[in-house]
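Quick notes on the structure that follows.
What follows is calculated from the coordinates using simple rules that are stated; it is not laboratory data. Source: prediction; values computed, not measured. Note that each Cβ is placed from the backbone with ideal geometry, even for glycine, and that neighbours are counted across all protein chains shown.
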Amino acid sequence: MITETEVQALLNDDLRCIGCGALIQTTDKTALGYTPMSALIKGFDQEEVLCQRCFRLRHYNEIQPVDLTDDDFRRLLEQISETDALVVYVMDVFDFSGSLIPGLHRFVGDNPILLVGNKVDVLPHSINRAKIRDWMRQQANIAGLRPIDVLLTSGKNGDDVPALMTAIEKYRQNRSVYVVGVTNVGKSTLINQIIKDVTGDRKEVITTSRFPGTTLDRIEIPLDETTNIIDTPGIIHQDQMAHYLASKDLKFVSPQKEIKPRTYQLNEAQTLFFGALGRFDYLKGPKSGITAYFENNVPLHRTKLSNADHFYQQHAGKLLTPPVQENLSLLPPLRRYEFKIAEKSDVVIDGLGWLTVPGNVVIAVWAPQGVSVLTRKAMI
């Protein structure tokens, strides 16, 4: 068994939490990296050196707040532009706009970007992967990015990780690799799959959860004697749907299984609610099938457009959940977006889901203020 003196020597040598990257310390309970000395000694014996925050998150699914600001996260990333490295930019295929990092070019400098769309396992199998990649590249170009390649992965099941590692080896050219992304895109889950693929160790290393902002400092995983894969903290993007929900409601916007489409035959002046998180108004067009792609447990409710405002006011947080009543105040007011749809299209509420609508119709979509709503050519 390791002694307290030996542990103290390791603490003096910048010992870091394997879960979030924070420096381990045993003195300040309110600061990052705190863990009691007794727990730290036990952790060494069990080969699991975690701060108290990561221990509680991993074993009890409890989250403790941290005092890191957006500027703190950005300062940790600015060092990337000063290095010669490959940047792997992980985005959530289910929440593309919410996955964009504002001013990414300032962080990466002249380094090449490999764009990775994660969580592809939750998308219906009927969606052609080439269409998803093409759409991601188009959206990246609009945002001013020119990725050297676009790949799709599932950090959860790891099926695509060998192909991702092949691409990383191709493009890194013996350089280190920085993995960047906003919070909640599954970046740390993907890193754990990479570790398993490289080392054959099936144990999860980096702390993962649905809670935004789990990784707090850079975590280095050796690739060889001179280069590393570096997992960086997730940039907090306040436009993400996840930031407006309490822990018990997060599961409704973080699909864990393949999304099953739900189709409704709608006439003009009918409305669909997606819990209390959003709304779809069919304003003009013939009776049509409207297909909804949301997390399978999000309840959908149909009503008349003329009654929709009253229905929402009366039932939000009760019949219309998530969020539940006590967490409804966290949700910004719904904002209305109207579209004239010329051809079959998807109308996307970032981080929540999308609806496929026919051409030659007029619709309105409501989403929490700050959450992006956009249209794209139908994926299916």
Taking the Cα centre of the range 280-380 as the origin, how large is its charge dipole in debye, to the nearest 20, when only Lys and Arg (+1) and Asp and Glu (-1) carry charge on their Cβ atoms? 340
Which GluC sites (Glu not before Pro) does the range 274-380 hold that lie in a coil by DSSP with at most 12 other beta carbons within 10 Å? Glu343
For Lys131, which lysines qualify as cross-link partners when the Cα separation must be under 26 Å and same-chain residues fewer than eight apart are set aside? Lys119, Lys156, Lys170, Lys187, Lys257, Lys260, Lys340, Lys344, Lys377
